[in-house]
1. So if I place +1 on the C-beta of Lys and Arg and -1 on the C-beta of Asp and Glu, and nothing else carries charge, what would the dipole magnitude of the chain be about its Cα centre? I want it in debye, nearest 20.
2. Relative contact order of the range 6-97, please, whole-number percent, based on alpha carbon pairs below 8 angstrom and at least 6 residues apart.
3. Return the equivalent ellipsoid semi-axes of the chain as a descending list in whole Å, where each equals the square root of 5 times an eigenvalue of the C-alpha gyration tensor.
4. Amide H to amide H under 5 Å from ARG21: which residues, 5+ apart in sequence or cross-chain, H placed 1.01 Å off N in plane?
5. Binned at 10 Å from 0, what are the whole-percent values of the Cα-Cα distance distribution for the range 1-50, short to long?
6. Roughly what % of DSSP beta bridges within the chain run antiparallel, to the nearest 5?
7. Any chance you could count the Lys pairs in the chain whose alpha carbons are under 29 Å apart, treating pairs 8 or more apart or on different chains as valid?
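Bear in mind these aren't lab numbers, they're just calculated from the coordinates by the rules spelled out. Keep in mind that this is a model prediction, so the values were computed, not measured. Note that each Cβ is placed from the backbone with ideal geometry, even for glycine, and that neighbours are counted across all protein chains shown.
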Amino acid sequence: MAYKSLAQFVAALEAEGELKRVKEFVDPRLQITEIADRYIKNEGPALLFENTGTGFPLLINALGSEKRMCMALGVDKLDTIAEDIEALFKTLTSPKQSLADKVMMLPQ
């Protein structure tokens, strides 16, 4: 895991210029979806709505680009994760020859 908390990830997004903070009041039922839709369609940054009238902020579009997904996963390219998953499935599905190999596959 690349970040220990969502707050760390938000700080990293902001440091990379991948986050826009919205401090003005925005209605969470009517306005946020419209604003987010416009940003998403224009490949915009993640949005952190700080004043939703609900007592807590709302982060949206945090994984809306390949760069932000890579940041969240702690990799330079998404292909790295795909290769790791492929290697894991090969290990799990390959025939096991010895008893030791079979025992190694048991959950700890």
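1. Numbers: 13 positive and 16 negative charges, 53 e Å.
Using only the charged Cβ atoms, the result is roughly 260 debye.
2. Details: 89 pairs, mean separation 19.9, N = 92.
Value for the range 6-97: 22 percent.
3. On the way: eigenvalues 322, 45, 33 Å².
Each semi-axis is the square root of five times an eigenvalue, giving 40, 15, 13 Å.
4. LEU48
5. Histogram of Cα-Cα distances, whole percents per bin: 24, 48, 27, 2.
6. Numbers: 3 of 8 bridges.
The answer is about 40 percent antiparallel.
7. 15
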